[in-house]
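See below for the structure under consideration.
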Amino acid sequence: MLRIGICDDTAAARENLRLLCLKHFRLEEPEFFEFSTGDGAVRWLKGHPGALDLLFLDIEMPGRSGMEAAEAIRAFDREVLLAFVTSYTDYVYDGYAVGAVGYLVKPVSEEKLSSLLDRAAAALEQRAPAVYTLRNAQGMFKVPLREILYAASDRRQVTLTTSRGDYTFYGKLDDVAAQLGAGFVRIHQRYLVNARAVSAVVGASVQVGEVHLPISRSLHQQAAMALARAMVGEG
């Protein structure tokens, strides 16, 4: 399910864009998130990393403009796709500086919107293997694999620690390991680490950032070998 954000200070404009998106997708309805200010969109995305696939930003808004909001978002999020909606063509080329997937001129053309959504879907499909998708009480999140540091299990819950923050959800560490793939090493019944995030292996523990995680006796040999290969670039 595609997760689309629409940021426009006019409620009618947000509703119009949402309805046009629904006409494009028809069979699989996206999940929509609406924002009336650029500041609101920036604050929400900071608190919900990875929660959006695509964000439409109206450029002309009171307070922080859509372009200013995009620049602020890019300071902490390089993954979310950005698209601009504007009444003027003067700003079109400014979008390239923030890696925008495209722009739409009001009134929004259904044909041009469909073309932009197709480009966005293709871009997301290309990066799909490099993300881990999870769902918890806050919603569905797509976390880039390179940002994952380690995963820890506690009873029926798994906490995914990333460079942006933590995500806790119900699941089994065995299932998480199978989905994350060979770049992640099981070091303990409760811990799975991104081999590339390990800075040191000392005795019966590994260091990931400032955190030291234990290596269990039963997994010590195979974990140490897998981590050593990864640390010298062979994993």
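Taking only protein heavy atoms into account and a 1.4 Å probe, give the accessible area per residue of the range 105-169 in Å².
56 Å²
What do you get for Rg/Rh over the range 99-235 if you use C-alpha atoms and the Kirkwood form of Rh?
Looking at the range 99-235, the ratio lands at 1.12.
Could you tell me which GluC sites (Glu not before Pro) in the range 1-98 are loop residues by DSSP with no more than 14 other beta carbons within 10 angstrom of their beta carbon?
Glu28
Restricting to DSSP H runs of at least four residues, report the calculated mean residue ellipticity at 222 nm for the chain, -39500 (n - 2.57) per run over all residues, nearest 500 deg cm²/dmol.
For the chain, the value works out to -9500 deg cm²/dmol.
Restricting things to alpha carbons, tell me how big the range 94-177 is in terms of Rg and Dmax, in Å.
17.4, 53
Quick one: with all protein chains in place, what share of the accessible area of the chain is carbon or sulfur, to the nearest percent (1.4 Å probe)?
50 percent
Provide the convex hull volume over Cα atoms per residue for the range 35-84, in Å³.
Convex hull volume per residue, Cα atoms: 61 Å³.
What are the equivalent ellipsoid semi-axes of the chain, built from the alpha-carbon gyration tensor (square roots of five times its eigenvalues), in whole angstrom, biggest first?
Equivalent-ellipsoid dimensions as semi-axes: 40, 17, 15 Å.
Tell me the volume per residue, in Å³, of the convex hull enclosing the alpha carbons of the range 11-113.
97 Å³
For the range 1-41, just list the percent of Cα-Cα distances falling in each 10 Å bin from zero outward, please.
Spelled out per bin, shortest first, that is 31, 52, 16, 1.
DSSP loop (so not H, G, I, E, B), at most 16 other Cβ within 10 Å: list which trypsin sites (Lys or Arg not before Pro) in the range 1-31 pass both filters.
Here the sparse-neighbourhood loop sites are Arg26.
Angle check, please: helix 110-127 long axis (alpha carbons) against the longest principal axis of the chain (alpha carbons), in degrees 0 to 90, nearest 10.
Once rounded, the angle reads 10 degrees.
The values are calculated or read from the model by the stated rules, or taken from the named source; none is laboratory data. A quick note: this is a predicted structure, and the numbers were derived from the prediction, not measured. Glycine gets a Cβ as well: all are built from the backbone with ideal geometry, and neighbour counts include every protein chain shown. Side chains included, ligands, DNA and RNA excluded: accessible areas come from the protein's heavy atoms. Shrake-Rupley method; radii C 1.70, N 1.55, O 1.52, S 1.80 Å.
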